[in-house]
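**Q** I'd like to ask you about the structure that follows.
The values are calculated or read from the model by the stated rules, or taken from the named source; none is laboratory data. Just so it is clear, the model here is predicted, and its values are computed rather than measured. Cβ sites come from the backbone with ideal geometry, for glycine too, and all protein chains shown count toward neighbours.
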Amino acid sequence: MRGRRSVKGGREPVNFQPIAGAGRFAGRLGKFAYVRRRRACATMLGVPKARVLFVDDEESVRDIAREFLQDEGIEVAVAADVEEAIHAFNEGAFDAVITDYKMPGATGADLARHLRALRPGLPIVLLTGFLNTLDRQQLNSLFDQILEKPMGVTMLARAVLEAMKER
């Protein structure tokens, strides 16, 4: 099944394929796989309306994540790098942060260290495509959840909401 997805500057084609046990149809755009239909909704997991900061240097990933996390009942602000994320965090009240690891200028670990110094109990989720090259022990001390790209946005929403529920 084919469809089109609205993105800045127009529409992009997206191919959807049935995936057993993953909902009705799933598709992939860039590094992000996403699944329609099954939702991790905040209300289903007993978490009040959540406000999340999503940090990734790839615009298409930020756009997809924002759209689908908002579909899950999560309010999302985005940042393109660590400096922008720190500025956004200082300006707004966020319940959790989702960050990529490799970004220009600084890493997601650098961001996590900075945010932990400001707010030790803040749930922080790492989303990376380079998990096998990173020090897992160090990551476990900085992040509440560690997820590997590509992954379903529903799984991402569930991981964030569960991290918030645990805190």
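**Q** Could you grab me the full set of residues in the stretch 74-133 that are charged (D, E, K, R) and crowded, with 21+ Cβ neighbours inside 10 Å?
**A** Residues of the stretch 74-133 charged (D, E, K, R): 75, 81, 83-84, 91, 95, 100, 102, 110, 113, 116, 119.
Passing the criteria: D95, D100.
**Q** Go through L115, L111 for me and flag whichever is assigned to a helix (DSSP H, G or I), touching a residue at least 40 places away in the same chain (Cβ under 8 Å) and not polar (S, T, N, Q).
**A** Working: L115 fails: touching a residue at least 40 places away in the same chain (Cβ under 8 Å).
The match here is L111.
**Q** Which residue pairs have Cβ atoms under 6 Å apart, sit 6 or more places apart or on different chains, and have a first residue in the stretch 56-72 that is of a type outside the set (G, A, S) and a second that is in a helix (DSSP H, G or I)?
**A** These pairs meet every condition: D56/R62; F68/V153; L69/A157; E72/A157.
**Q** Just to be sure I understand, how many residues within the stretch 79-108 are within 18 Å of R51 (Cβ to Cβ) and either charged (D, E, K, R) or touching a residue at least 60 places away in the same chain (Cβ under 8 Å) (or both)?
**A** Initially, the stretch 79-108 is screened for residues within 18 Å of R51 (Cβ to Cβ), giving 79, 84-99.
Keeping just the survivors that are either charged (D, E, K, R) or touching a residue at least 60 places away in the same chain (Cβ under 8 Å) (or both) gives 84, 91, 95-96, 98.
Number satisfying all stated conditions: 5.
**Q** Right, next: Go through the stretch 118-134 and give me each residue that's in contact (Cβ under 8 Å) with a residue 24 or more places away in the chain and among the hydrophobic types (A, V, I, L, M, F, W, C).
**A** First pass over the stretch 118-134, keeping only residues in contact (Cβ under 8 Å) with a residue 24 or more places away in the chain: 118, 121-130, 134.
L118, L122, I124, V125, L126, L127, F130, L134 - these are the residues of the stretch 118-134 that are in contact (Cβ under 8 Å) with a residue 24 or more places away in the chain and among the hydrophobic types (A, V, I, L, M, F, W, C).
**Q** Consider the stretch 84-111. How many of its residues are among the acidic types (D, E), out of contact with any Ser or Thr (no Cβ under 7 Å at 6 or more places or on another chain) and under 19 Å from A65 (Cα atoms)? Let's see the steps before the verdict.
**A** If we filter the stretch 84-111 for residues that are among the acidic types (D, E), which is where we start, we get 84, 91, 95, 100, 110.
Next cut, out of contact with any Ser or Thr (no Cβ under 7 Å at 6 or more places or on another chain) only: 84, 91, 95, 110.
Checking which are under 19 Å from A65 (Cα atoms) leaves us with 84, 95.
Of the residues in the stretch 84-111, 2 are among the acidic types (D, E), out of contact with any Ser or Thr (no Cβ under 7 Å at 6 or more places or on another chain) and under 19 Å from A65 (Cα atoms).
**Q** Kindly indicate the residue of the stretch 144-167 that is touching a Leu at 6+ places or on another chain (Cβ under 7 Å) and among the small types (G, A, S) and also modelled with the highest pLDDT among those meeting that condition.
**A** Per the stated criteria, the residue is A159.
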